[in-house]
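Here the structure is laid out as structure tokens; the discussion comes afterwards.
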Amino acid sequence: MHTSSPFSPTTAIGPREYLERTVAVCRERDIVLAYDNPYCELTFDGYRAPSILEFPGARDVAVEFHSLSKSFSMTGWRVGWVCAPAELLEAMMKIHQYTIMSAPTPSQYAALEAIRNGEEDAQRMIAEFDSRRRLIVAALNEMGLTCFDPHGAFYAFPSVRSTGLDDIEFAERLLLEEKVAVIPGSSFGECGRGHVRACYAAPKPILEDALERVRRFVSGL
């Protein structure tokens, strides 16, 4: 079983009761729980993405994955780690040791520098993402594309139902007519239908231009 917090694609942070129950179900049914947690430091408004290992019994069934790709913007450096029961780690190593020797040496040195001295820069990055988050959420809601405040990561998940288009048609037409790319919510499952996923990782000038294009597209429908 796989889960994460913030959840994908909404970026909402799940209530502790949900995660606690998830662990309990996995223990009851002897299911391995894969918990993807690379966004745990990238959260807003006092929200906190917990470690799954905080919950009773999780250490018996959970495998928690981390990386520096989000917390220190090191996507592509391929540095991360996993926390898991010893017998699962042993099984994972049987595959890992024959597919890759180790993380590249420059990546390891960069990761070490980030962990030792990069926290101030990481906090500035989070503050900038928070500013972009407020910008995109306010603009989307003003257009009538209802959007709640994301709790973490750098994605918004607005509803496009007010436009009369389904999420796939909305995404296709927005791309063709205004050259702005979003992901149809139904790509993530039935519950995402009627929404789109928009990334706000781009710099503010690019984000503002994209929002103006979305506004023009929506007003022309």
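Please give the number of the condition S162 fails out of (1) within 21 Å of the chain's Cα centre (by Cα); (2) without any contact (Cβ under 8 Å) to a residue 60 or more places away in the chain.
It is condition (1) that S162 fails.
In segment 162-185, which residues are in contact with a His (Cβ under 8 Å, 6 or more places away or on another chain) and farther than 18 Å from R213 by Cα?
Passing the criteria: only G185.
Readers should treat all values here as calculations from the given coordinates under stated rules, not as data from a laboratory. Treat the numbers as computed from the prediction; the structure is a model and nothing was measured. Every residue, glycine as well, gets a Cβ built from its backbone with ideal geometry; the counts of neighbours run over all protein chains shown.
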